[in-house]
Amino acid sequence: MQPKDAKAGMTPGRCRSKAHKAEHLGYAGRRVLVSRKWSNKTLRDHKADRRAWVLDMLGLPDDIETDPHRYVWRPVSTKDPTRTPLPVRLLRGVANRHRTRARLDELRARADGRPIPDLSATTALREAA
């Protein structure tokens with residue numbers, strides 16, 4: 001497999017770019033090449049692959065139509081009394097991402113035939129009581 005725009009003299013692991021040097025790891029920014037440059041897939045293709053995989057794991061048909069207008073986006077005033085405080089919104093976003101990640105890990109474990117680990121903190125408390 002060749003990277004996009006490969007030139008004569010390019011050797012794997014010999015990139016002079018700061019992004020690929022060990023002393024620059026940990027700094028913000030993209031540290032690896034975008035897979036679209038290697039796979040000749042567009043971002044839309046990658047999204048479609050991920051969507052198909054998740055729908056397959058959930059056992060849902062692939063022909064589910066989503067309404068692009070299901071959300072209404074509009075600015076909320078800082079003086080709006082129904083506005084949720086920023087710390088609450090951030091914690092909800094983190095919790096939602098945590099649930100999504102746990103569900104995907106569970107689906108991957110099932111797909112690989114591995115047992116699903118019980119990582120609940122309350123299981124040990126119940127067993128000790």
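The values are calculated or read from the model by the stated rules, or taken from the named source; none is laboratory data. Keep in mind it's a predicted model, so treat the numbers as computed, not measured. Cβ atoms come from the backbone with ideal geometry, glycine included; neighbour counts cover every protein chain shown. Heavy atoms of the whole protein, side chains included, go into the accessibility calculation; ligands, DNA and RNA do not. Shrake-Rupley method; radii C 1.70, N 1.55, O 1.52, S 1.80 Å.
Values as computed for the structure displayed
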item	result
Count of residues meeting criterion [outside any helix (DSSP H, G or I) and surrounded by fewer than 11 Cβ atoms within 10 Å (Cβ to Cβ)] in segment 41-67	10
Residue in segment 89-112 that is assigned to a loop (DSSP other than H, G, I, E, B) and free of Cβ contacts under 8 Å to residues at least 60 places away in the same chain present	no
Cβ-Cβ under 7 Å pairs, at least 6 apart or on other chains, segment 68-86 side surrounded by fewer than 10 Cβ atoms within 10 Å (Cβ to Cβ), far side of a type in the set (Lys, Arg)	76/83
Meets criteria (charged (D, E, K, R) and at pLDDT below 90) for residue 80	no
Check on residue 125, modelled with pLDDT under 85, open to solvent by 70 Å² or more (accessible area, probe 1.4 Å) and of a type in the set (A, V, I, L, M)	yes
Test: residue in segment 44-62 that is modelled with pLDDT of 80 or more and of a type in the set (Val, Ile, Thr)	yes
